[in-house]
Amino acid sequence: MLTKKDRTIIMHTDRFSVVGIAKRSKLILTMMFVLIITTHGNSANAQYLLRGDSNTSYSVASSGKFMVYTTSVDALHKVYQYDFQNKTVKLLFTTKQYIFSLALIKDNSLILFSSCKNENEPNHVFCYNMKSHKISQITHGSSCDLYPSFNSQDHKIMFISSDTTEQLNEGGKIWDNYFIEEINLNGTNRSFITKKPIPFLSNPVSIPNSNSILICPGDMHTSIAEINSHISNYKTILKSGNPWDPIPSPDGKTVYFISDKSHKFDYEIWSMHIDGSDKYQLTHLHSYLQDLQVSPHGKYLYFRSDKARLQTYYLMKMNLSTGQITELCKPTIFTGKKIK
């Protein structure tokens, strides 16, 4: 029962981790998705965590030369840039509130992320300009806005939103009934893509050369679905294997995703055709994988691997032509320690 004003809960199993830190008000639980719980009155000092076991976020530049990321130090308030070749780190910006779900867009000139301006607000979508070094707030209002990404077809920002909270027996509230929305980069013309609420949505990803979006709907992300952004038509393309982090290839013909389909609790990278056919296992790492990304030319996959399942995430790169997997970063970079 959540009875104390300040409480830390850490629970780890082979299936998922739940890590939450609440000060006076909120507790965040993550089981391949984000749950946001208000425990006492206002919404001060909430720590937002990503899907999976890690409370950090990263995004690799389209050039493959650097990434932007948060670390677990300083309560996720800071975003850094890491140069893969020179192995150098520089601080990009700091906010007062927690940052998560980074996405580099527009030729690496903009960083989308979720955060809030003050501790009494739900999360909204923000944008950091790498050239002007300025932060702008994209979404406003009473809804909780999460997982921003760029829809290359409509040239708009997509994100997950919720205006509904559900009362819990423990005494808190949880955001529920998620929608997919889109908005212009300047914050105008906000509109719904999905007309009906869907529970526990993952981050929406646009499929190139189409009007469709990939998501993982439902409790524990037990499926992958395709939604037509123009008519809100919903189609399930994968129903088994506990899939998550679906990402389309740049030509829109292939979907890459993470699943423990072959062996329970061993999470591997799989591929399939966009219609869900011809599923193929790409890795045999017997690890816990998360945060799957694909390079713009479709040659590489980026992901984080935690074989020890101790929240020690190595950043990896896989060459899709050869199958070769190389290590780009050790876990120390995400914990804010000195890079070796």
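Nothing in this text is a laboratory measurement; each read-out follows from the coordinates by a stated rule. From a predicted model like this one, the values you see are computed outputs, not experimental measurements. Here the Cβ is made from the backbone with ideal geometry for all residues, glycine too, and neighbour counts use every protein chain on show.
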_Once you compute Rg and the Kirkwood Rh from C-alpha atoms, what is the Rg to Rh ratio for region 225-340?_
1.00
_Fewest-first ranking of SER232, SER259, using other Cβ atoms within 10 Å as the exposure measure_ = SER232, SER259
*For SER212, which sequence-distant residues (separation of 5 or more, or a different chain) have an amide H within less than 5 Å of its own amide H, given hydrogens modelled in the peptide plane?*
ILE207, SER229
_Relative exposure of ARG304, ARG309, judged by other C-beta atoms within 10 Å (fewest first)_ = ARG309, ARG304
*Can you list the residues, at least 5 places off or on another chain, whose amide H is less than 5 Å from the amide H of ILE138, using H built in the peptide plane?*
VAL125, PHE126, CYS127
*Collect residues whose amide H, placed 1.01 Å from N in the peptide plane, falls under 5 Å from the amide H of THR236; neighbours closer than 5 in sequence don't count.*
GLU226
_I need the phi-derived Karplus couplings for region 92-107: 6.51 cos²θ - 1.76 cosθ + 1.60, θ = phi - 60°, integer Hz, Gly and Pro marked x._
8, 6, 10, 10, 7, 10, 6, 10, 7, 6, 6, 8, 7, 9, 6, 6
*Rounded to the nearest 0.05, what FRET efficiency do ASP107 and LEU310 give with R0 = 45 Å and r taken as the Cβ-Cβ distance? Could you check?*
0.80
_Ranking of LEU146, LEU185 by count of other Cβ atoms within 10 Å, fewest first_ = LEU185, LEU146
